[in-house]
Amino acid sequence: MTYEMPKLPYANNALEPVISQQTIDFHYGKHLQTYVNNLNDLVPGTNFEGKTLEQIVELAPDGAIFNNAGQILNHQLYFLQFTPSQKSAIPTGKLAEAINKEFGSFENFKKEFKDASTSLFGSGWSWLSQDKNGKLVITKETNGSNPVRSGLNPILGFDVWEHAYYLDYQNRRADHIDALWKIIDWDVVEKRMK
């Protein structure tokens, strides 16, 4: 199995001004491409040959294979959750119901998610996931880890590595988090629910 770059459903400049073309060119075009190249070099001849990204992230010990597979999986979820023409500023349907049930309101969910995103020390990800019972949970993952590692189903992820926002926001991680809400495709996020 060869691991490939996800195809963006929008042009590299389509998410401006939230995410600039320069950031997409570097973040997607260079960082993610490096993870894909690395994993394709690392996996042949190992027990992970032929495994999906999810299987590798769930089973691999910490190290190069896990880190690169995790970052590919994380970035696939991340880049494919965006839309240049937001259909709705808030989720609807079963996702909205689940958010209201677990967090009281969408505004409270956004606050808790922002708190998780801004309080993560160093590099990593903040996630909205479902546990085995379908309950929504917010988690923080360091470096390239993913909630799959803990048996969760990730449905929304924010990249809080500096390369995701530094060209556009410098050290203002909180401003980056606030802006991302403007480009979330809630239909994509809801379809990830089980």
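The values are calculated or read from the model by the stated rules, or taken from the named source; none is laboratory data. These figures come from a predicted structure and were not determined experimentally. As a convention, Cβ positions derive from the backbone with ideal geometry for all residues, glycine included, and neighbour counts pool all protein chains shown. Calculation scope for accessible area: heavy atoms of the full protein, side chains included, ligands and nucleic acids excluded. Shrake-Rupley method; radii C 1.70, N 1.55, O 1.52, S 1.80 Å.
General observations
- In the chain, inverting the average of 1/r over every pair of distinct C-alpha atoms gives 17.1 Å as the Kirkwood radius.
- If only the Cβ of Lys and Arg carry +1 and only the Cβ of Asp and Glu carry -1, the dipole of the chain around its Cα centre is close to 420 debye.
- Lysines with Cα under 19 Å of Lys111, excluding same-chain neighbours fewer than 8 positions away: Lys101, Lys135, Lys140, Lys182
- 1.4 Å probe accessible area per residue over the chain, in Å²: 48
- Given 15 as the ceiling on other Cβ atoms within 10 Å, longest exposed-site-free region of the chain for GluC sites (Glu not before Pro) in DSSP loops: 50-194
- The stretch 64-194, relative contact order in percent, only Cα pairs under 8 angstrom and at least six apart counted: 32
- Rolling a 1.4 Å probe over the protein heavy atoms of the stretch 71-194, with every protein chain left in place, gives an accessible area that is 50 percent carbon and sulfur.
- Think of the chain as having a plus end and a minus end, set by charges on the Cβ of Lys, Arg, Asp and Glu; of Phe106, Leu80, Ile177, Phe106 sits farthest toward the positive end of this dipole.
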